[in-house]
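The next block holds one structure in the form of structure tokens; read it before the comments.
Just so it is clear, none of the values below were taken in a lab; they were calculated from the coordinates. Note that the coordinates shown come from a computational prediction; the quantities given were computed from them, not determined experimentally. All Cβ positions, even for glycine, are placed from backbone atoms using ideal geometry, and neighbour counts span all protein chains on display.
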Amino acid sequence: MEKYRFEWKIFSLIMILVSYLLFVYVQSYNSKLPQENCSLVPNQHFWISSKRIVTPQGIISGAVEIKDGKIASIVTEVEKLWKSELLQIIDYGDAVVMPGLIDVHSHLDDPGRAEWEGFPSGTKAAAAGGLTTLVDMPLNSMPSTVSRDTFKLKLKAAQKRIFVDVGFWGGLVPENAFNPFVLKDLLNAGVLGLKSFMCPSGIDDFPMTNASHIKEGLSILAKYKRPLLVHAEIQKELENPSDLDDGSNDPRSYSTYLKTRPPSMEEEAISELLTVTKDTRIGGSAEGAHLHIVHLSDSSSSLGLIKQAKFRGDSVTVETCPHYLAFSAEEIPNGDTRFKCAPPIRNEANKQKLWEALMDGHIDMLSSDHSPTEPKLKLLEDGNFLRAWGGISSLQFVLPITWTYGQKYGITLEELASWWSERPAKLAGLELKGAIKVGNFADIVVWEPEVDFDLTQDHPIFIKHPEISAYMGKKLYGKISSTFVRGNLVYKEGIHANNACGVTILAI
Ligand SMILES: NC(=O)NC(NC(N)=O)C(=O)[O-]
Ligand SMILES: [Zn+2]
Ligand SMILES: [Zn+2]
């Protein structure tokens, strides 16, 4: 009996051991296989070296150690590494190694309007442009992301279809603004913050909000310590586009469009917004909430108001976009609706002041406001600025655009990293992103600032509708060679990894 029990014990122990070994084998097999297809380098542990690595402490020559998707160490003495033949080192020579760009303002239009862009094409464009994280806007997809259920549809549509990481803004609309249950439900589901419009958005299920909706939204966001992003333009009766569409103004003329959206529209919206942002000050009723003004175009009075609010201690930031820094109204050809966006691109003097404000730190960060549509809605043949869809397509090219047009102003690589990575990460609450720093995710772009290229149809373009991009035909500086997302090499010289292994980012 005793012997029998002993044998039985041995047998069970062997069985446990066998099943454990089987488990370990299956696990490592499973985790290895997809991993290989997620990355164009199969290794989980490797170094990338370069003479120009942009870190928060400055530009260094050295190597970044990447292990299991994170930055494990940063070393300056690369010679020692080279001595060990066992190490996997990718040497990028003089190319710049910078934190991957984070775009806090992309319209990916999925689900529902994926023929405009979509998760696969949009995130492939991002990877090809050195962007490693996008935060998707809650409108232009169908339905808009305004509740837990509609957010679930977004998450489902993104599954296994994103090549970079994607977070989401939820929509603050009149329907949910006074319904804390719906709003909290949406925030609890993981949106990184909210977004609202103070003028018609052009999307039926995304109506505009006024200052009292915004005040309500901020009071709820305060508890979550998440931001509210606002499209700040107020449309006056007189400035309704259709008022100018009566035959006496040429709708193909860019100046006609400019008249429909003067700087006073931005100024009025911002001054109204700033009546509620005082709540965000330390000790205020919405302390913890933050207001972020998207795509500022007016560099005069509107910017002046924002500066005052910051000075008073309101928790406010502002972004502008590459198209306001690259183009001026004077150069937009009549009928060329690829340049139509809201607020509009203003004159040359305004553009120069935007650059100055960015360099002086009064504008905090950059975003793409990549807002494509189907070419037919851009009315390219007709050239009617009053009726064409408003939105500029640029996602894949924001880094070379910023770099090229910023040359005149002497911008630095550190400034690029601050405007495109560090500050956007802070806004979106992405603690382990936005800088090449030990412990952060290995989200990295490798690019060659001195190499130029002509943006023609021959260039590998991943944006779904390149023909509607206002940048086509431009010569740009800055060739993106490689993009790493969480240590996966997702893009290299025109090639993407096989599998879309980007992660959906949820706030907790
Ligand atoms: N529905 C939109 O995508 N609108 C966008 N359109 C632009 N900017 O022209 C925006 O961000 O306001
Ligand atoms: Zn907008
Ligand atoms: Zn937008």
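Our coupling estimate for the stretch 147-157, obtained by passing each phi through the Karplus curve with A = 6.51, B = -1.76, C = 1.60 and θ = phi - 60°, is 7, 4, 5, 5, 5, 4, 5, 4, 4, 5, 5 Hz, Gly and Pro reported as x. Between amide H atoms placed 1.01 Å from N, distances below 5 Å from residue 292 occur with 228, 229, 230, 317, all of them 5 or more places distant or on a separate chain. Does anything in the stretch 109-151 have its amide N under 18 Å from the 7 Å Cα→Cβ label point of residue 503, and if so which residues? Only 127, 131-136 fall inside the zone, counting backbone N under 18 Å. Against the empirical curve 2.2 N^0.38 Å, the C-alpha radius of gyration of the stretch 176-238 lands at a ratio of 1.14. Tell me the Kirkwood radius of the chain: reciprocal of the mean inverse pair distance over distinct alpha-carbon atoms, in Å. By the Kirkwood definition, the hydrodynamic radius is 23.9 Å.
Here's how it looks for residue 172: its modeled amide H is under 5 Å from those of 195, 196, which are all 5 or more places away or on a different chain. With both residues required to sit in the chain, DSSP beta bridges show an antiparallel share near 50%. Sequentially through the stretch 325-339, phi angles give Karplus couplings (6.51, -1.76, 1.60; θ = phi - 60°) of 9, 9, 10, 10, 4, 4, 9, 7, x, 4, x, 8, 6, 4, 8 Hz, Gly and Pro residues having no value and appearing as x. Under the simplified labelling scheme, the residue 77-residue 301 pair shows an inter-label distance of 6.2 nm, with each label point 7 Å from Cα along Cα→Cβ.
Across the chain, Cα pairs under 8 Å and at least six residues apart give a relative contact order of 21 percent. The alpha-carbon positions of the stretch 391-505 define a convex hull whose volume is 133 Å³ per residue.
Our summary gives the stretch 230-364 a relative contact order of 26 percent, counting only alpha carbon pairs under 8 angstrom and 6 or more residues apart. Pairs from the table (152/278; 51/492; 160/408; 353/426; 154/236; 215/236) lying more than 30 angstrom apart at Cα are 152/278; 160/408; 154/236. Taking the chain, the Cys residues with no second Cys beta-carbon under 4.7 angstrom are 199, 321, 341. Per the Cα gyration tensor, the stretch 123-228 maps to an equivalent ellipsoid with semi-axes of 24, 14, 13 Å, ordered largest to smallest. Taking R0 as 41 Å, what FRET efficiency do you get between residue 409 and residue 181 from their Cβ-Cβ distance, rounded to the nearest 0.05? Once rounded, the FRET efficiency stands at 0.30. Legend: calculated FRET efficiency, residue 456 to residue 204, from the Cβ-Cβ distance at R0 = 41 Å, rounded to 0.05, equals 0.65. Farthest towards the positive end of the charge dipole of the stretch 91-231, among the residues 168, 144, 179, is the Cα of 179, using unit charges on the Cβ of Lys, Arg, Asp and Glu.
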